[in-house]
1. Going by what's in this entry, would residue 227 be described as more than 30 Å from residue 130 (Cα to Cα) and loosely packed, with under 13 Cβ neighbours inside 10 Å?
2. For segment 262-302, enumerate the residues that are more than 10 Å from the chain's Cα centre (by Cα) and not in a loop (DSSP other than H, G, I, E, B).
3. If I filter segment 31-49 down to residues being surrounded by fewer than 17 Cβ atoms within 10 Å (Cβ to Cβ) and within 22 Å of residue 131 (Cβ to Cβ), which single residue comes out as modelled with the highest pLDDT?
4. Residue check, residue 166 against (1) crowded, with 17+ Cβ neighbours inside 10 Å; (2) farther than 30 Å from residue 244 by Cα; (3) within 22 Å of the chain's Cα centre (by Cα), all met but one. Which one?
5. For the subset of segment 303-319 comprising residues that are in a helix (DSSP H, G or I) and at pLDDT below 65, which member is nearest to the chain's Cα centre (by Cα)?
6. Quick check on segment 141-154. Is at least one of its residues in a helix (DSSP H, G or I), in contact with a helix residue (DSSP H, G or I) (Cβ under 7 Å, 6 or more places away or on another chain) and not assigned by TED's automatic domain parsing to the domain that holds residue 50?
7. Could you pull out the residue among 183, 211 that is under 23 Å from the mean Cα position of the chain (by Cα) and either assigned by TED's automatic domain parsing to the domain that holds residue 271 or exposed (fewer than 15 other Cβ atoms within 10 Å of the Cβ) (or both)?
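The values are calculated or read from the model by the stated rules, or taken from the named source; none is laboratory data. Being a predicted model, the structure only gives us computed values, none of them experimental. Don't worry about glycine lacking a Cβ; one is built from the backbone with ideal geometry, like all the others, and counts go over all protein chains shown.
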């Protein structure tokens, strides 16, 4: 695990490291016979070396010059061209032994075998070349000829397999984040439903208490009774409306997250190229949805309705002005109004 990033870093196996050492820097595939060795001691497939030589010396008649794609060493060739370079028999023998070992024991690092009816995707620009590398700069699969001669020659590239595994791992992590986000949303929905229920129960309790007290009072309180009941009902409706609005937002968020999670899960089963075309967008959407899951919540004690508690110990002269609890400033204001009326 990387301590700085907190991510799990898989160390390559010996077979994977060997396969990387036996890969051509031009086509990124394992060397194909014959393998030629340059004066700088780097190796190339003869066909790849010939293509590179022809591209840099289109009018050669008796030799030419090209640069090693690994170290940029200038290689001078005679009239035989790349056919004058020595073959690296040691590398060819190692490749033969490596392939024999794969046939005997298999290699868990290789992708699943394709069915006979499945055609390998081919490059649109170079129709005879299969798509076998991934351009990291342009974020698209391409072929080795595009890297050497085409529009991706100045781009950073990697193998399809490594990019496929990396983005597949990222998408899996995003799905896990969506799952955790969905659990949080579901918990909040349950809490919102409980809040609605508590608001209803507390409102009903306060209404019952208020009705019982008003039944003990005389007829002068009947009109005031309706006004106070209306205040409770109005606040109840406002609070329930707020909570139901939040419930609707969480439901919409949950449905969108579930749909995105289903799309991401289906993409996991796609082929390598089809997966890489849509994976980056799905990863971005999944991260954005996960970040936006923290919606508004009711403030603490939102469901509390105790401020509607009524006291009946006041004098009968104050019954006409009976109201719910008010602040001291409002009490002082009412007293000043009474004094002005008396004057």
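1. It is true that residue 227 is more than 30 Å from residue 130 (Cα to Cα) and loosely packed, with under 13 Cβ neighbours inside 10 Å.
2. Correct list: 262, 263, 265, 266, 267, 272, 273, 274, 275, 276, 277, 278.
3. If we take residues in segment 31-49 being surrounded by fewer than 17 Cβ atoms within 10 Å (Cβ to Cβ) and within 22 Å of residue 131 (Cβ to Cβ), then 47 is modelled with the highest pLDDT.
4. (1)
5. Selected residue: 319.
6. yes
7. 183
Here's the yes/no breakdown for (1) surrounded by 15 or more Cβ atoms within 10 Å (Cβ to Cβ); (2) touching a helix residue (DSSP H, G or I) at 6+ places or on another chain (Cβ under 7 Å); (3) within 28 Å of residue 187 (Cα to Cα):
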| site | (1), (2), (3) |
| --- | --- |
| 238 | no, no, yes |
| 241 | no, no, yes |
| 272 | yes, yes, no |
| 279 | yes, yes, no |
| 289 | yes, yes, yes |
| 300 | no, no, yes |
